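Enquirer: Handing you this structure, nothing more for now.
The values are calculated or read from the model by the stated rules, or taken from the named source; none is laboratory data. In this text, all values refer to a predicted model and were calculated from it rather than measured experimentally. Heads up, the Cβs are rebuilt from the backbone with ideal geometry, glycines too, and the neighbour counts pull from every protein chain shown. The accessibility values were calculated without ligands, DNA or RNA, using every heavy atom of the protein model including side chains. Shrake-Rupley method; radii C 1.70, N 1.55, O 1.52, S 1.80 Å.
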Amino acid sequence: MGWDLFLWILSFFVSLALVASVFYQVICLTDLEADYLNPFETSSRINRLILPEFILQASLCILFLITWHWVFFLVALPVTCYHAMLYKERRHLIDVTEVFRGISFEKKLRFTKLGFYIFLFIMVVFRLTLSAVYSFTEDDDLLHLF
Amino acid sequence: MILQLRVKSSSGHDLKPIAAVESVSCCASSRPFPLSHSLRAIVNMENQGYPNFQARPPPSSSSPFASAPPPGVRPQSGGPETVGFRPPTRPFTPSAPPVAPPVGAMRPFQSPLVSQIPGQGIRPPPPPPSSNSFPSTTYGPPGGGSFQRFPTPPPPSGPPPPQTLAGHLSPPMSLRPQQPMGPPPQSMTSGVPGGYASPPPAPGFQQSMPPVNPSYPGVGGPPQPSFPGYPSNQVLQGPPSSYPPQTGGFAQHPGQQNMHPSYAPPTSTVQALAEDFNSLSLTNIPGSLEPGLDRASFPRPLDGDVEPNSFAEMYPMNCHSRYLRLTTSAIPSSQSLASRWHLPLGAVVCPLAEAPEGEEVPLIDFGSSGIIRCRRCRTYVNPYVTFTDSGRKWRCNICSMLNDVPGEYFSHLDATGRRMDMDQRPELTKGSVEIIAPTEYMVRPPMPPIYFFLIDVSFSAAKSGMLQVAAQTIKSCLDNLPGYPRTQIGFITYDSTLHFYNMKSSLSQPQMMVVSDLDDIFVPLPDDLLVNLSESRNVVEAFLDSLPLMFQNNVNVESAFGPALKAAYMVMNQLGGKLLIFQNSLPSLGAGRLKLRGEDPRVYGTDKEYTLRVAEDNFYKQMAADCTKFQIGINVYAFSDKYTDIASLGTLSKYTGGQVYYYPGFQSSIHGDKLRHELARDLTRETAWESVMRIRCGKGIRFSSYHGNFMLRSTDLLALPAVDCDKAYAMQLTLEETLLTTPTVYFQVALLYTASCGERRIRVHTAVAPVVTDLGEMYRQADTGSIVSVYTRLAIEKTLSGKLDDARNVIQQKIVKALREYRNLHSVQHRLGSRLIYPESLKFLPLYGLAICKSTPLQGGPADASLDERCAAGFTMMSLPVKKLLKLLYPNVFRVDEWLLKPSADLDDLKDVLKRLPLAAENLDSRGLYIYDDGFRLVLWFGRMLSPDIAKNLLGADFAAELSRVTLQEQENGMSKKLMRLIKKVRENDQSYHPMCFLVRQGEQPREGFLFLRYLIEDQMGGSTSYVDWILQIHRHVQQNA
């Protein structure tokens, strides 16, 4: 029981970090469009975050697999595959010289990812609460609740 | 076609020029009638030119046209005017322009009525003066003869309009069957019985029209006096005067070409004229190949680039077209119209183009008042701003903001609202000015001109003689480097190690420091690697003298390019400047080393093909971005005879606003002159440092994409670390609002830069273009050169993300789409048959399209050009100004043997010599000597049967030898001298590159094909299409779904 709780707490923080990271990237891109940031700064800020994000996301996916949480694993899997593809084709980083050409795509991509991560986050929070409730309450208490 | 109708009524008051069409369409539906009255009156007067014609005062004084019926809305038939005559409203075909008030169409029928109304003061028009060019005088509309711009109209014999009412209804019906769609439908009113009195539309209304569907049942009737076949080329086409700038109103009237195509041309002369009208039609019959085809009649740009000047007189205050060229000088008024214009909508800007003697851009210092700019949109003050409030305020022409005039800049206005000091203020009279920028425009003190050389000194550099030539040239240019005495200079050489040179002025000889740790680059000296030229002149000269000797016997073949670049970057990033890289082999050591990847033929033809044309290693893009950030512009000189991955090296130039010079297989004996000249040009031409460029335009439109060698610093700011007169940038614009409400659109290019003298300056180019509602007008005002320039850049960009084939197809499809749209515009109204029609302004577009497909970056398959050549040409073409690009695409070929034999030794008759020939082998006479000149290469082609005397005179003793080993040198005879003078002259015409001279003899294979025949783009070579086939292909595609 304790391990399960630990898993969800971990997932909670990981998915929170993912949401935060993508949100930050979106903000950077928006700032770039509004001319608050220059392309050099934007791309270095975003590119710094991309690999950690990929790694976090992939490890979360694997974590779900080895803990045998099928549903979560399948939810996380497509994004992991997409990331792997980007990485393999060396397209994962923002190209500083052509930022503006791809900016609309990059923004859309990140908005989609943001939505996805938030969805994952909510699911995780739900399971976290559930498992927290399970672990901190005696079975009797639980029955009592109902 | 737009015409300003300024008519004096007999009462003497001036009618306002007809308002802009947009306004017509906007408020049209509300009050159709009053407007049509005034309109009619005006038009009648205008058309018939009756001086005594009484104009009915316009009901709405402000804008006579204000209530034209809306597009496609048929006027209600309530009014007397329209009884019985249903104006031919626009057919609702897809080709019809969206905004096309049929006012013009109504006009003809209505006018007789109007004139009949007693008390209107309209007198029946007297027979017009004999000015009717229509040979057939059988018809009577007096108006027909009244066409003001008609060259020589014969006197019409028809009765005056008032009597003709009866004829109104019937003629069309009876006529149509009689002359059903006669050969070219041009015809004017030939079939109209005299009863038809309406005047032909004013020339101003001519253009445009939505083609009327002749089969429209309800409309068929009214014989339209307008002339579908009217030779607009000569008479009607875009007279600049038709856009009155001061009123902003275009009399252009979309409604007017509502004419009936069905009247046969009375005579063949009309037909001939008529052919011209739809802007040149090309008869070619796809089915029966040769018979109908006359190759010679195909349009060819043998006069070179013709700059669009139809608006030059109209808007004399626009900047010259060498600085800014729009793809069409008529901006579409709505998104729907823009979407039907399938050609690119944008501009090509060459901010620092070389001005001829006497036309230099004036330099202005605003002094204490500061630079006058709009508070809101930051537009610089320009000739199109208006001063109001007795000179205390000025209205921005781009955003209409009312700004205060600073006290120091104040000047009284004269009676006409002009500033008194107009003549002393070039910024208010000239489209191009240069403003001295105060300190607010600097983020740091203006940088001195800096030239930093990064020279590969490996084995091949010494062997090919490159070192020698480069060192000599640099030394000879030291005196001419711009910016004396602030100029700074520095050198790094490298092979497998990096060599830094301490050039401190106190030294007598430069000190060399070798750094061999390539993984962790450091700069051995903090200063003195980049020194002030005037102080360290001796050291620099000593270095340049010893440079070739030092590495004479270098056997190192490695090239630590990446680390060297990093080192140069570290030395330069304090100040920026220009970095010239001389690279002789593939970078092989340290960061940024590259692989031999161009050799793999399996990649060609696959989806991965494009990867060969983009930088392999992200290092290059990152370095380019970093360099741009620190104002370093990079020019790459590449010399290797083997693969050097120009695609990767060129990336450095591409994003730093530089250029790539490529000398494959450099040999100082052959290429020395070229390198010498081009390096000298690069070093000595006027350069703008640490610059940024932005182009502003009016509300509702926005520049959305930029093409060329630069890096975007924000969505619309081009960062150009070093820019000069040989660089041009293309951009495309989009309409952001569905409808533009202004009559004109303004463009302002601003380049903020540091001049070599250390002054911060802003070069401002302002131009205005009218907004039109008519697609035909857009086509008419199109500028082929600028369109081709944009297309070339788009195609080259496409090769960086797709196959060559795709890029070529894209070009073809774009041209087809444009021509199809144009065809649709006219097909309803004219019998086009199997003709390929195109506007006069775009007559060279198909040929240039073919030329783009056959240009080095795009041509053929892998075997046709080496990867490096392709990439180098691609980088070069991305930055070429329009004229040079067009010359490269369709080079000059001219015959010189006859001229050489002529006794006159002068070059006076140079014009005769330089008569360009079509680029087809059939035009070459084997008895002749021809010169091919594309601005980058000169090829002397010796015909097989050229008289040996000439060859002997020109080539000296070895005239019979194989020409690949012969270089052209001046011989001791008049003919040779004459030829050399000619070549010199050709080279002087365009200084930016030094065309190398190749000699080739007819039949000398494979050199001939490689050097010369391949560039005869009208011929079929290998898998490529010939001009005729290309036209047929395009025509076929155009007709599909046409």
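Enquirer: Output the residue which, of all residues in the range B:710-732 that are within 11 Å of chain A (Cβ to nearest Cβ) and either farther than 15 Å from A:Val99 by Cα or open to solvent by 20 Å² or more (accessible area, probe 1.4 Å) (or both), is farthest from the chain's Cα centre (by Cα).
Expert: Looking at the filtered set, the residue picked out is B:Arg713.
Enquirer: From the list B:Ser336, B:Ser411, which one is in contact with a helix residue (DSSP H, G or I) (Cβ under 6 Å, 6 or more places away or on another chain) and either outside any helix (DSSP H, G or I) or open to solvent by 30 Å² or more (accessible area, probe 1.4 Å) (or both)?
Expert: Residue meeting the stated conditions: B:Ser411.
Enquirer: Related question: Among the numbered conditions (1) touching a residue at least 24 places away in the same chain (Cβ under 8 Å); (2) touching a helix residue (DSSP H, G or I) at 6+ places or on another chain (Cβ under 6 Å), tell me where B:Met401 comes up short.
Expert: (2)
Enquirer: Just one of (1) crowded, with 16+ Cβ neighbours inside 10 Å; (2) more than 41 Å from the chain's Cα centre (by Cα); (3) under 24 Å from B:Pro664 (Cα atoms) trips up B:Pro510, so point out which.
Expert: For B:Pro510, the exception is condition (3).
Enquirer: Of all the residues that make up the range A:1-44, how many are open to solvent by 30 Å² or more (accessible area, probe 1.4 Å) and within 14 Å of chain B (Cβ to nearest Cβ)?
Expert: Matching residues across the range A:1-44 total 9.
Enquirer: Among the residues of the range B:754-799, write down those that are part of a strand (DSSP E or B) and either at positive phi or within 14 Å of the chain's Cα centre (by Cα) (or both).
Expert: B:Ala782
Enquirer: Being touching a residue at least 40 places away in the same chain (Cβ under 8 Å), within 14 Å of chain A (Cβ to nearest Cβ) and charged (D, E, K, R), is that true of even one residue in the range B:600-608?
Expert: Yes - at least one qualifying residue is present in the range B:600-608.
Enquirer: While we're looking at this one, here's another question. Only one of these is crowded, with 16+ Cβ neighbours inside 10 Å and under 38 Å from the mean Cα position of the chain (by Cα): B:Arg613, B:Arg537, B:Arg593. Name it.
Expert: B:Arg613
Enquirer: Tell me which residues, restricted to the range A:47-68, are over 17 Å from A:Tyr117 (Cα atoms) and open to solvent by less than 80 Å² (accessible area, probe 1.4 Å).
Expert: A:Asn47, A:Leu65, A:Thr67
Enquirer: Please state which of the following conditions A:Phe100 fails to meet, knowing it meets all the rest: (1) touching a helix residue (DSSP H, G or I) at 6+ places or on another chain (Cβ under 6 Å); (2) within 13 Å of another protein chain (Cβ to nearest Cβ); (3) assigned to a helix (DSSP H, G or I).
Expert: Every listed condition holds for A:Phe100 apart from (1).
Enquirer: Applying the selection to the range B:751-766, what residues are open to solvent by less than 10 Å² (accessible area, probe 1.4 Å) and of a type in the set (Gly, Ala, Ser)?
Expert: B:Ala755, B:Ser756
Enquirer: Of all residues in the range B:652-707, how many are within 14 Å of chain A (Cβ to nearest Cβ) and in a helix (DSSP H, G or I)?
Expert: The total comes to 3.
Enquirer: So, in the range B:490-513, how many residues would count as being under 21 Å from B:Phe561 (Cβ atoms) and assigned to a strand (DSSP E or B)?
Expert: Final tally of qualifying residues: 11.
Enquirer: Still on this structure, please answer the following. In the list A:Thr80, A:Thr112, which residue meets the criterion of being of a type in the set (Val, Ile, Thr), more than 13 Å from chain B (Cβ to nearest Cβ) and open to solvent by 60 Å² or more (accessible area, probe 1.4 Å)?
Expert: It is A:Thr112.
Enquirer: Being touching a residue at least 12 places away in the same chain (Cβ under 8 Å) and closer than 27 Å to B:Ala624 by Cα is the filter here; which residues of the range A:45-60 pass it?
Expert: Listed by number, the residues that qualify are A:Arg45, A:Ile46, A:Asn47, A:Leu49, A:Ile50, A:Leu51, A:Pro52, A:Glu53, A:Phe54.
Enquirer: Identify all residues within the range B:514-534 that are open to solvent by less than 40 Å² (accessible area, probe 1.4 Å), of a type in the set (A, V, I, L, M, F, W, C) and part of a strand (DSSP E or B); write none if there are none.
Expert: Result: B:Val515, B:Leu530, B:Val531.
Enquirer: Let me ask you something else. Which of the residues belonging to the range A:83-97 are within 14 Å of another protein chain (Cβ to nearest Cβ) and buried (at least 16 other Cβ atoms within 10 Å of the Cβ)?
Expert: A:His92, A:Leu93, A:Ile94, A:Asp95, A:Val96, A:Thr97
Enquirer: Please find, among A:Tyr82, A:Tyr87, A:Tyr36, the residue that is without any contact (Cβ under 8 Å) to a residue 12 or more places away in the chain, closer than 25 Å to A:Leu10 by Cβ and of a type in the set (Ser, Thr, Tyr).
Expert: A:Tyr82
Enquirer: Checking the structure you have, find out if any residue of the range B:618-630 is in contact (Cβ under 8 Å) with a residue 24 or more places away in the chain, away from chain A (no Cβ under 14 Å) and not aliphatic (A, V, I, L, M).
Expert: no
Enquirer: While we're on this one: When you go through (1) under 22 Å from B:Asn480 (Cβ atoms); (2) more than 14 Å from every other protein chain (Cβ to nearest Cβ) one by one for B:Asp641, which number turns out not to apply?
Expert: For B:Asp641, the failing item is (1).
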